[in-house]
Amino acid sequence: MEVQIVADPLAGGQTGYELFATALANESRVFGLATGSTPITTYDQITASNLDFSECISINLDEYVGLAPTHPQSYHSFMQEHFFAQKPFNKSYVPNGLNMDEHDETARYEKLIAENPIDFQILGLGQNGHIGFNEPGTPFDSITHRVTLTQSTIDANSRFFKAKEDVPRYAYSMGIGTIMKAQQILIEAYGESKAQAVQQMIEGPITEQVPASVLQHHPNVIVLIDQAAAGKLKGKY
Ligand code: F6R
């Protein structure tokens, strides 16, 4: 794992943008994308730049089950607002949260990824070490599946909904095994609330109890964190 520590999320956005630009220049054509607050500074730099994704494909990590693409809190809407409206891809894929047939939807999405292998994957890190919606205990060889969200994730996401009861209980998510197939992975984490998960991801034992620790096994991972998120690291980077 290559660890890059920056001053703050804004500086992280600049570095994240540069990593996307390098990936594009190196012929990456399929980008795996994440939602959440973490990648926003990177997406802001990208959308303000002259990078051109019009010949690329994007494949998002996850989507809430039960939310229409037009729902303001759907990950479709998030991507539209923060990325695609300004920087369209040739094709953009997000799981279909309205497909209630979980076997059909997860098989369809996994096949799509197999047919369009991801060159460059951006990830955020959950406070509990999750990646995508793969909560602690998810098998490392999992493929795209329907996830029952944990209480801590529901609590963390409730800030985006009017009431906690409105937060969906399920999501479709790429599995950990799916994510690990990406050629290159960039994982970003900012703020003190991520410091423990960052320490466990980089320095802890590789365990399904900390999903992101699996990234220690991946040959091409960049960890982009700010000073606050680096606060519990024991080694020097
Ligand atoms: C989002 C996703 C999640 C988030 C993680 C961090 O598509 O897959 O794993 O990356 O929950 O969320 P933020 O960035 O909001 O702290």
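Each value in this text was obtained by applying a stated rule to the coordinates, not by laboratory testing. Here the structure is a predicted model, which is why all the values come from computation and not from measurement. Note that we place each Cβ from the backbone using ideal geometry, even for glycine, and neighbour counts take in every protein chain shown.
Using DSSP loop states and a limit of at most 10 other Cβ atoms within 10 Å to flag GluC sites (Glu not before Pro), what is the longest stretch of the chain containing no flagged site?
56-237
Using R₀ = 45 Å, calculate the FRET efficiency as 1/(1 + (r/R₀)^6) where r is the Cβ-Cβ separation of residue 68 and residue 237; round to 0.05.
Plugging the Cβ-Cβ distance into 1/(1 + (r/R0)^6) gives 0.60.
Nearest 0.05, what FRET efficiency do residue 203 and residue 163 give at R0 = 41 Å with Cβ-Cβ as r?
Between residue 203 and residue 163 the formula returns 0.60.
For segment 49-60, take each phi angle, set θ = phi - 60°, evaluate the Karplus expression 6.51 cos²θ - 1.76 cosθ + 1.60, and give the result in whole Hz per residue in order, putting x for glycine and proline.
For segment 49-60, the Karplus-derived couplings read 9, 9, 4, 10, 9, 5, 10, 10, 10, 10, 9, 7 Hz, x marking Gly and Pro.
How much length is gained on full extension from residue 108 to residue 27, taking 0.36 nm per residue of separation minus their Cα-Cα distance?
Stretched out fully, the residue 108 to residue 27 stretch lengthens by 26.6 nm.
Quick one: dipole size for segment 78-237, taken about the Cα centre, charges +1 on Lys/Arg Cβ and -1 on Asp/Glu Cβ, in debye to the nearest 20.
Once rounded to the nearest 20, the dipole reads 360 debye.
Could you give the DSSP H helices of the chain that reach 15 angstrom or more along their long axis (alpha carbon positions) and whose average Kyte-Doolittle hydropathy is no lower than 0.5?
9-25
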